[in-house]
Amino acid sequence: MKQILLIVFIFFFQFINAQSNRQEIIRVIQNYQNGDTNKNYKILAESFHSNAMMKYVSSKYGYKECNALKVFEGDIGKASEKNRKNKIVSISITGKAASVIVEAQYPKKVVVDYISLLKIDGTWKIVSKVFSKRDEEQLDDLLIKKTLQSYISGSSYNNPQLLKSAFTTDATLYLTGKKGFNRYTPEEYSNFFKNKEKGEFNGRNGDIIKIERTKDIATAKVEISNPEYGWVYVDLFLLKKIENDWKIISKTATKTEG
C-alpha cells in the first residue's frame with residue numbers, strides 16, 4: 001500500500017511540476033510577444049538571456065545572426081504594432097529545455113518564430129530564436145485547406161460543430177438525395193450527423209483534389225469516398241475570404257461509383 005501511495009505521489013508531483021513549467025514558459029513567451037508588439041523593451045528583455053541569439057535568412061543579405069537584445073534595442077521608441085495578433089502554436093518541454101513555436105499574424109503576412117528556452121537557476125529564459133515569414137498567398141492557401149479539412153473531419157467523425165465552422169451561417173448547399181434536388185443550410189446539413197456517435201469514424205474518407213484561388217475568392221474540389229460501400233462523392237465548393245478567414249459559401253455534390 002505504501003509503495004502504491006509513493007508511486008501516486010511521484011506521478012502527482014511530476015504532473016504539478018510539468019504544469020508549473022508550462023505556465024512559466026507561457027508567461028515568458030507572452031512577455032516577449034507583448035513587449036515586441038508594444039515596443040516595451042523592459043518587459044521583453046526579462047524573457048531573454050543576455051547572450052540569446054537571433055538567426056534568420058535575409059532575402060538581401062543571406063544568413064544573419066546577432067544578439068537578440070541588441071536587435072530589440074533598435075526598436076525602442078517605435079510605435080506599437082496595432083495590426084498584429086500573437087499566437088502560441090506549440091510547446092514542447094524536456095527537463096530543463098523547451099522549444100516553442102509562435103506566430104505574429106499581420107494582415108498580409110505571418111512571422112513564425114522557433115524559440116529555444118533553458119531553465120537557468122530556476123528561471124526559464126529564451127536562449128535562441130530563429131524566424132521566417134509566410135506571405136499572404138501562402139497563408140491563404142493554408143487557411144483554405146484548414147477550412148476544407150474542418151468540413152472533411154466534421155463529416156467523417158460526426159462532429160456537427162466542426163462541420164458548421166467551415167461554412168458561413170447563410171451558406172447554401174445544393175444537393176440531390178432520395179427526395180430529389182434540395183437546398184440546405186449548414187445547420188440542416190450538419191443535422192445529418194447529429195444523432196451519430198460524435199468522434200467515431202463513419203467510413204467517409206476525404207481528399208482535397210484541387211484548389212483555385214483568385215484574390216479573396218476560391219473554388220475547391222474534394223472527393224469523399226467509402227470503400228466499404230463502393231461510392232465516391234465529388235464535392236465542389238465556392239469559398240470567400242471574410243475577415244482574414246476563409247469560409248465555404250456554397251457547395252454542390254454528385255455521387256459516382258468507386
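A few remarks follow.
- Qualifying residue in the stretch 84-105 (condition: under 24 Å from L139 (Cβ atoms), modelled with pLDDT under 90 and not assigned by TED's automatic domain parsing to the domain that holds E243): yes
- Options Q161, Q149: the member that is touching a strand residue (DSSP E or B) at 6+ places or on another chain (Cβ under 8 Å) and either of a type outside the set (A, V, I, L, M) or at pLDDT 95 or above (or both): Q149
- Test: residue in the stretch 7-22 that is among the aliphatic types (A, V, I, L, M), at pLDDT 90 or above, surrounded by 10 or more Cβ atoms within 10 Å (Cβ to Cβ) and over 19 Å from R134 (Cα atoms): no
- Selected residue (criterion: surrounded by the most Cβ atoms within 10 Å (Cβ to Cβ)) from residues of the stretch 126-153 that are touching a residue at least 40 places away in the same chain (Cβ under 8 Å) and within 22 Å of A68 (Cα to Cα): I126
- Qualifying residue in the stretch 92-106 (condition: under 30 Å from S190 (Cα atoms) and surrounded by 16 or more Cβ atoms within 10 Å (Cβ to Cβ)): no
- The test for being surrounded by fewer than 13 Cβ atoms within 10 Å (Cβ to Cβ) and either in contact with a helix residue (DSSP H, G or I) (Cβ under 9 Å, 6 or more places away or on another chain) or closer than 15 Å to G154 by Cα (or both) holds for K194.
- Test for I211: is it surrounded by 11 or more Cβ atoms within 10 Å (Cβ to Cβ), touching a helix residue (DSSP H, G or I) at 6+ places or on another chain (Cβ under 9 Å) and under 30 Å from V110 (Cα atoms): yes
- Some residue of the stretch 115-125 being within 21 Å of the chain's Cα centre (by Cα), surrounded by 12 or more Cβ atoms within 10 Å (Cβ to Cβ) and not in a loop (DSSP other than H, G, I, E, B): yes
- For the stretch 164-212, the candidate set comprises residues that are among the aromatic types (F, W, Y) and more than 15 Å from S250 (Cβ to Cβ); within that set, the residue that is nearest to the chain's Cα centre (by Cα) is F201.
- Considering the conditions (1) closer than 23 Å to P107 by Cβ; (2) at pLDDT 95 or above, N51 is excluded by exactly one of them, (1).
- Applying the criterion of being touching a residue at least 40 places away in the same chain (Cβ under 8 Å) and part of a strand (DSSP E or B) to the residues of the stretch 154-169, the residue that is nearest to V222 (Cα to Cα) is F167.
The values are calculated or read from the model by the stated rules, or taken from the named source; none is laboratory data. In this text, all values refer to a predicted model and were calculated from it rather than measured experimentally. Quick reminder, even Gly has a Cβ in these numbers, built from the backbone with ideal geometry, and neighbours come from all protein chains shown.
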